[in-house]
Amino acid sequence: GEDVEQSLFLSVREGDSSVINCTYTDSSSTYLYWYKQEPGAGLQLLTYIFSNMDMKQDQRLTVLLNKKDKHLSLRIADTQTGDSAIYFCAESSLTGNQFYFGTGTSLTVIP
Amino acid sequence: DAMVIQNPRYQVTQFGKPVTLSCSQTLNHNVMYWYQQKSSQAPKLLFHYYDKDFNNEADTPDNFQSRRPNTSFCFLDIRSPGLGDAAMYLCATSRDRADTQYFGPGTRLTVL
């Protein structure tokens, strides 16, 4: 399968910005996603970006896509304690009919 | 408003005692997925249904089975749970393959 890699841990202070990074290998990716998982809960779709876009902004969330480097990032502005969770990136490929998850990044927000 | 519902949220079973987890959806999506997620790991796809067409992942143990009696419901059957099967089980749906997946809240399975 395809590799989707993320750093495991990130700690930020409340009010700062968080940047969570993801790299992938599938050059035929169609959509790239960010999911949030709080403890003991399912995965909540946060946002997604089509592969022909460079950036998407949605309130405090900014997604940046560098297709050449196969690098995706999620920036959370004014990070709050409620943002503490595990964040998964995922990519889908219509050619392969596949959906791949990254390894997940655990975000800890320090009050 | 719940779109993907899983029951029960918590399930305790004994070693070797069959257990069934349930998933239902109100989205009328064609595809339903079952994932296993162990602590601090990404979800691992067990199998999916595209309409009535069952698709098993190559490394999914035979101990895991699934049924989809209609569009709305999908069940995960674990025939003889072992201690290693204790995990969170996540159901997801999508309109089509490789389309956006929407997840239920999960069922936490404990095996005693």
Lys, Arg +1 and Asp, Glu -1 on Cβ, resulting dipole of chain A about Cα centre, debye, nearest 20: 160 debye
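Cα-based count: Lys pairs in the protein assembly as shown below 18 Å, eight or more positions apart or different chains? Write out the running numbers ahead of the final one.
On the way: A:36/A:56; A:36/B:38; A:36/B:44; A:56/A:67; A:56/A:68; A:56/A:70.
For the protein assembly as shown, qualifying lysine pairs total 6.
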Residues of the stretch A:69-93 with amide N under 19 Å of a point placed 7 Å along Cα→Cβ from residue A:27: A:69-72, A:91-93
Descending Cα extents along the principal axes, the protein assembly as shown, whole Å: 48, 41, 33
Ordering of B:53-63, B:69-79, B:32-42 by packing [mean C-beta count within 10 Å, highest first]: B:32-42, B:69-79, B:53-63
Cα convex hull of the stretch B:67-112, projected area averaged across orientations, nm²: 4.1 nm²
Charge tally in the Cβ shell below 14 Å around residue B:62, where Lys, Arg are +1 and Asp, Glu are -1, residue B:62 excluded: -3
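Just in the stretch B:82-112: which chymotrypsin sites (Phe, Trp or Tyr not before Pro) are loop by DSSP and have at most 12 other Cβ atoms within 10 Å?
Answer by residue number: there is no such site.
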Neighbouring partner chain Cβ atoms per residue of A:45-53, average, 10 Å criterion: 1
Size of electric dipole in chain B: Cβ of Lys, Arg +1 and of Asp, Glu -1, about Cα centre, debye, nearest 20: 280 debye
Average beta-carbon neighbours from other chains, 10 Å sphere, peptide B:81-94: 1
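Work out the mean other chain Cβ neighbour count within 10 Å for the residues of B:97-109 and drop it here as an integer.
5
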DSSP-defined beta bridges in chain A - what % are antiparallel, rounded to 5: 90 percent
FRET efficiency estimate (nearest 0.05) - Cβ-Cβ, residue B:28 to residue A:60, R0 41 angstrom: 0.85
Positive dipole terminus of the protein assembly as shown, leading residue within B:29, B:83, A:65 (C-beta point charges): B:83
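Once the mean 1/r over all distinct Cα pairs of the stretch A:4-111 is inverted, what Kirkwood radius in angstroms do you read off?
13.9 Å
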Shape of chain B, Cα gyration tensor, a/c cut at 1.5: prolate
Per-residue ³J(HN,Hα) for the stretch B:29-43, Karplus 6.51 cos²θ - 1.76 cosθ + 1.60, θ = phi - 60°, Hz, x for Gly and Pro: 7, 6, 10, 10, 10, 10, 10, 10, 10, 9, 3, 6, 10, 6, x
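We did not get these values from a lab; they are worked out from the coordinates using the rules stated. Worth saying up front: this structure is predicted, and the values here are computed from it rather than measured. Virtual Cβ from ideal backbone geometry, glycine too; neighbours counted across all protein chains shown.
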